[in-house]
Each structure stands twice: as C-alpha cells, then as structure tokens.
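Novice: Handing you this structure, nothing more for now.
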Amino acid sequence: MAKDQSATDLDRELENLPADLRWGEWMRRIEAVLFASASPVPREDLARVVGQGVSVDLLLEDLAADLEGRSFEVAQVADAWMLRTRPAYAAAIRAAADVGEQDLDLREYDVAVLAAIAYHQPITRDELKDIFGKEISRDLIGRLHAQELIGTGPRSPRRGAPYTYVTTEKFLIAFDMETLQDLPDQEQLEDAGLTEA
C-alpha cells in the first residue's frame, strides 16, 4: 500500500520544468533508485519514476555517459540495472574496507562446476557426474547455493524427477555478465587454452 501511495504522490511528468531540466531530473531519479537498491532494478520499476512514454533505456544511456570517468558505473544484469564500482577500484576498496564476506572464495573445481551448470542448465547432479566423471558433493552444491550463485531449477522429467540446478542473477553479477550469452563460446575457451580442440 505504501508503494502505491508514494507512486501517486510523485510528479512523474514534471510538466512545470523545461525539457532539459526535466530530462536531468528523470536521470537523477533513476540514479537515486539504483543507488538505493541492493539488487539490480528492472526497467518496469525504473519506469515508475519518469514520465509516461519516456525511454528508460535512453535515460540509462545518458546516465552512463554522465558517470563516465567516475569510480562507479551503470551495469546491466539480465533485464535489470545496478550501480557498481568500476573494477579498476577493487584494490582500493579491499585496502580500505572490510569486504572479506563478499569474497566468493571459489576454488578452481568450484568454478568448473559453476561453468558446467551455466553451460548446461538446467542440469542434475547425475548429469554433472557424467561431465566430471565423479560425484559432485552435496557440500559443494550447498555452498554454491548458499552463496546464491546457483538455484534450484525445474524438476527433471526423468524417473524420480531429480532436482536441477541453474545459475542466478548473483552469478551474472559475480562474473560481470549481462546474460548467459556472455559466456565464452567453445572457440574462445580453446583459444584461452581452457579446453582441447
């Protein structure tokens, strides 16, 4: 109810402002929403703070250009946007702040399992076993789930309807991807020496 009430109190159209000031105010509103949100914000939510028919995509592009040269940027994750610190400032943040809990602390094998899930999702533990030639521990799956890098997908249509696993929005954020289409293709993996031709 409070969300609906605040939406009706907000002057979305800003007709009393000249066009250039109106556009700038809409950009600042989107920036404020992104700044205040702990997770990526979908386009539909951003559209609630601007005038009817206004292009949220163009506002986001202008905001990104406005933030050029700053320590943070607008980043798209799936069909949503967030503000995040530019990678060039990661060392400064680690030096000044206690960000230990944010460290994913993934071993090479953990990343390989995550990659298999990302490329083959939805995937069962048995299918992961077929890929790796050994059982994937429930502990590893539990840790990846606890870190919110994977989630439970649809039940498999196979006998017993085992659970499947899929990657999450947090996976995309952690690996700096907008969508799973940003995963390297087979040729890129071969060029990097990560797989055999």
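Novice: Can you go through L21, L46, L58, L17 and tell me which one is surrounded by 11 or more Cβ atoms within 10 Å (Cβ to Cβ) and touching a residue at least 12 places away in the same chain (Cβ under 8 Å)? Break it down into steps so the answer makes sense when it comes.
Specialist: Numbers: L21 fails: touching a residue at least 12 places away in the same chain (Cβ under 8 Å); L58 fails: touching a residue at least 12 places away in the same chain (Cβ under 8 Å); L17 fails: touching a residue at least 12 places away in the same chain (Cβ under 8 Å).
Going through L21, L46, L58, L17 in turn, just one is surrounded by 11 or more Cβ atoms within 10 Å (Cβ to Cβ) and touching a residue at least 12 places away in the same chain (Cβ under 8 Å): L46.
Novice: Among the residues of the stretch 147-183, count how many are assigned to a helix (DSSP H, G or I) and among the basic types (K, R).
Specialist: 1
Novice: Moving on to the next point. Could you pull out the residue among A174, A116 that is modelled with pLDDT under 90 and either surrounded by 11 or more Cβ atoms within 10 Å (Cβ to Cβ) or among the β-branched types (V, I, T) (or both)? So that I can check it myself, show each step before the final result.
Specialist: Working: A116 fails: modelled with pLDDT under 90.
Of the residues listed, the single one that is modelled with pLDDT under 90 and either surrounded by 11 or more Cβ atoms within 10 Å (Cβ to Cβ) or among the β-branched types (V, I, T) (or both) is A174.
Novice: Filter the stretch 121-146 for residues that are assigned to a loop (DSSP other than H, G, I, E, B), touching a Lys or Arg at 6+ places or on another chain (Cβ under 8 Å) and closer than 16 Å to E108 by Cα and give the result.
Specialist: Once the filter is applied, which keeps residues that are assigned to a loop (DSSP other than H, G, I, E, B), touching a Lys or Arg at 6+ places or on another chain (Cβ under 8 Å) and closer than 16 Å to E108 by Cα, the stretch 121-146 yields only I136.
Novice: While we're looking at this one, here's another question. Only residues that are of a type in the set (V, I, T) and crowded, with 18+ Cβ neighbours inside 10 Å: list them for the stretch 24-40, please. Give the derivation first.
Specialist: If we filter the stretch 24-40 for residues that are of a type in the set (V, I, T), which is where we start, we get 30, 33.
Matches in the stretch 24-40: I30 only.
Novice: So, in the stretch 138-153, of the ones that are touching a helix residue (DSSP H, G or I) at 6+ places or on another chain (Cβ under 9 Å) and loosely packed, with under 13 Cβ neighbours inside 10 Å, which residue ends up nearest to F175 (Cα to Cα)?
Specialist: Among those residues, the one meeting the criterion is T152.
Novice: So, one more: Taking D105 as the residue in question, decide whether it is out of contact with any Cys (no Cβ under 7 Å at 6 or more places or on another chain), under 15 Å from A174 (Cα atoms) and open to solvent by 40 Å² or more (accessible area, probe 1.4 Å). I'd like the intermediate steps shown before the answer.
Specialist: Numbers: out of contact with any Cys (no Cβ under 7 Å at 6 or more places or on another chain): yes; under 15 Å from A174 (Cα atoms): yes; open to solvent by 40 Å² or more (accessible area, probe 1.4 Å): yes.
Taking the combined requirement at face value, the residue satisfies it.
Quick grid of which residues meet (1) without any contact (Cβ under 8 Å) to a residue 12 or more places away in the chain; (2) basic (K, R); (3) surrounded by 12 or more Cβ atoms within 10 Å (Cβ to Cβ):
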site: I136; (1), (2), (3): no, no, yes
site: R155; (1), (2), (3): yes, yes, yes
site: R158; (1), (2), (3): no, yes, no
site: E169; (1), (2), (3): no, no, yes
site: D185; (1), (2), (3): yes, no, no
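The values are calculated or read from the model by the stated rules, or taken from the named source; none is laboratory data. Bear in mind that the values here come from a model prediction, so they are computed numbers and not experimental data. Note that each Cβ is placed from the backbone with ideal geometry, even for glycine, and that neighbours are counted across all protein chains shown. Note: areas computed on protein heavy atoms with side chains; ligands, DNA, RNA excluded. Shrake-Rupley method; radii C 1.70, N 1.55, O 1.52, S 1.80 Å.
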